[in-house]
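S.K.: Submitted below is the structure of interest, expressed as structure tokens.
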Amino acid sequence: MDRFLHSDLFYDFVRSPIAVISFVLVSTLILLAVFANFIAPTNPFDPASLNLMNGFTAPLEPNAFTGEVFLMGTDDQGRDLFSAILFGLRVSLFVGLMAVALATGIGVFLGLLAGYIGGWLDSLIMRLADIQMTFPSILIAMLIYGVARGVLPPELRDEMAISVLILSIGLSEWVSIARTVRSSTLVEKEKEYVAAARLIGLNHFRIMLRHILPNVLSPVLVIATITLALAIIAEATLSFLGVGAPPTKPSLGTLIRVGQDFLFSGEWWILLFPAITLLLLALSVNLFGDWLRDTLNPRLK
């Protein structure tokens, strides 16, 4: 810890207001999501706790029938919007983090193989990446989601919806990571330490895993951070379109989809607060990723 506090990375971090603010925002939102069970006044997805008489209560105004006051108001079902946002934030973050972990694993594995082995395997992987890059990632995610939902039995579709969502987003975001790892691997495999590892008889798998991989992870960390924001937005987009998180486990995108139905009838808060939460989450992750990219890039020093 002491070594980190005296490192150039920490020095650059404390000197950058944008990095500090974005990190604080991300950390706060993650903590709110993790401890939603203890922070939320109610469990918004427990039907027994809902009171339809509380429906459409404006923020910080007493309900006309029950007299209850809600920080961010309620939706059409009388669900406390603040509690719903905390639980929806948990779903969005979980899907985003798991999707990025899947995309990173696939991208690093394929990038190492393409860069180190080369030949026809490199051409095959890169052509697949080129084909996928010709389509918007959200369309790829929708295609994978639709195919996976079609394969699953009807009784398992809602139960497996989150897993399918993670799979579809992860498989649509691996390309940039794979291309970056491949480029770094092409440089690293020509260095003397790799030649020395070959001379002492190490196999290719061990060379890739123990020698090349640690030296190509720096750009992967940056791309993964930026991809997290893209994954969160992709999840919100799919849920907004009705092909993402199920109604029993709504995410921020689901809450925004519900809120837009009441925007023009005067219940603006049902849309506004989930949208602001999503904006803050995606923007803060993006800004922190941009700072990390600039800091870890020696050419910008």
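S.K.: So what are the ³J(HN,Hα) numbers for segment 8-21, from phi and the Karplus equation (6.51, -1.76, 1.60; θ = phi - 60°), rounded to whole Hz, Gly and Pro as x?
M.R.: Result, rounded to whole Hz: 5, 4, 5, 4, 5, 5, 6, 8, 10, x, 5, 5, 5, 5.
S.K.: In whole Hz, with x marking every Gly and Pro, tabulate ³J(HN,Hα) for segment 134-139 from phi via Karplus 6.51 cos²θ - 1.76 cosθ + 1.60, θ = phi - 60°.
M.R.: Ordered by residue, 3J(HN,Hα) equals 6, 10, x, 4, 5, 5 Hz.
S.K.: On to the next question. Under 10 Å, Cα contacts only: if you run a Gaussian network model on the chain, which one of PRO246, PRO154, PRO44 comes out with the highest mean-square fluctuation?
M.R.: With Cα springs under 10 Å in the chain, the top fluctuation among PRO246, PRO154, PRO44 is at PRO154.
S.K.: Can I ask one more? Can you give me the angle between helix 161-172 and the longest principal axis of the chain, using Cα atoms only, in degrees from 0 to 90, rounded to the nearest 10?
M.R.: The helix 161-172 is inclined about 40 degrees to the chain.
S.K.: Apply the Karplus parameterisation 6.51 cos²θ - 1.76 cosθ + 1.60, with θ equal to phi minus 60°, to every residue of segment 194-208 and state each ³J(HN,Hα) to the nearest whole Hz, in sequence, with x for glycine and proline.
M.R.: Coupling constants for segment 194-208: 6, 4, 5, 5, 5, 5, 8, x, 6, 6, 4, 4, 5, 5, 5 Hz.
S.K.: Quick check on the chain: helices-only [θ] at 222 nm, where DSSP H runs of length 4 and up contribute -39,500 (n - 2.57) each and the sum goes over total residues. Nearest 500, please.
M.R.: Helices in the chain give a 222 nm mean residue ellipticity of -22000 deg cm²/dmol.
S.K.: Provide the FRET efficiency to the nearest 0.05 for the MET53-ASP158 pair, computing r from the beta carbons and using R0 = 35 Å.
M.R.: E(calc), rounded to 0.05, equals 0.80.
S.K.: With only Lys, Arg, Asp and Glu charged, each at its Cβ (+1 for the first two, -1 for the last two), find how big the charge dipole of the chain is about the Cα centre; round to the nearest 20 debye.
M.R.: Once rounded to the nearest 20, the dipole reads 1260 debye.
S.K.: Moving on. Tell me, in nm to one decimal, what length is gained between ILE30 and LEU209 on full extension, where the rule is 0.36 nm per residue of separation less the Cα-Cα distance?
M.R.: Taking ILE30 through LEU209 to full extension adds about 61.3 nm, to one decimal.
S.K.: Still on this structure: Give me the three principal axis extents of the chain from the C-alpha atoms, as integers in angstrom, largest value leading.
M.R.: Taking max minus min along each principal axis of the Cα atoms, the chain gives 81, 51, 30 Å.
S.K.: Moving on. Taking segment 1-82, which chymotrypsin sites (Phe, Trp or Tyr not before Pro) meet the DSSP loop condition and have no more than 16 other C-beta atoms within 10 Å?
M.R.: The qualifying sites are PHE35, PHE45, PHE65.
S.K.: Need one number: nm distance between label points at LEU128 and LEU60, each 7 Å from Cα along Cα→Cβ, rounded to one decimal.
M.R.: Reported label-point gap for LEU128 and LEU60 is 5.4 nm.
S.K.: Let me ask you something else. Which of ASP158, ASP76, ASP12 moves most in a GNM of the chain, Cα contacts under 10 Å?
M.R.: It is ASP12.
S.K.: Using a 1.4 Å probe, what is the accessible area per residue for segment 100-207, in Å²?
M.R.: Numbers: 5790 Å² over 108 residues.
Dividing the accessible area of segment 100-207 by its residue count gives 54 Å².
S.K.: Moving on. Report, to the nearest 10°, how far helix 175-188 tilts away from the longest principal axis of the Cα atoms in the chain, using its own Cα long axis and a range of 0 to 90°.
M.R.: Its long axis makes an angle of about 20 degrees.
S.K.: Could you give the angle, 0 to 90 degrees to the nearest 10, between helix 81-117's Cα long axis and the longest principal axis of the Cα atoms of the chain?
M.R.: The two axes meet at around 10 degrees.
S.K.: Grab the beta carbon distance between TRP120 and ASP261, set R0 = 41 Å, and tell me the FRET efficiency rounded to 0.05.
M.R.: E(calc), rounded to 0.05, equals 0.20.
S.K.: Taking Cα pairs under 8 Å and at least six residues apart, what relative contact order does the chain come out at, in percent?
M.R.: Answer for the chain is 22 percent.
S.K.: Among ASN286, ASN215, ASN203, whose mean-square fluctuation peaks in a Gaussian network model of the chain (Cα, cutoff 10 Å)?
M.R.: So, out of ASN286, ASN215, ASN203, the one fluctuating most is ASN203.
The values are calculated or read from the model by the stated rules, or taken from the named source; none is laboratory data. This one's a predicted model, so the numbers in the text were calculated from it and none came from an experiment. When we count neighbours, we look across all protein chains shown, and the Cβ atoms used for this are built from the backbone with ideal geometry, even at glycine. Just the protein is used for accessible areas: all its heavy atoms, side chains included, with ligands, DNA and RNA removed. Shrake-Rupley method; radii C 1.70, N 1.55, O 1.52, S 1.80 Å.
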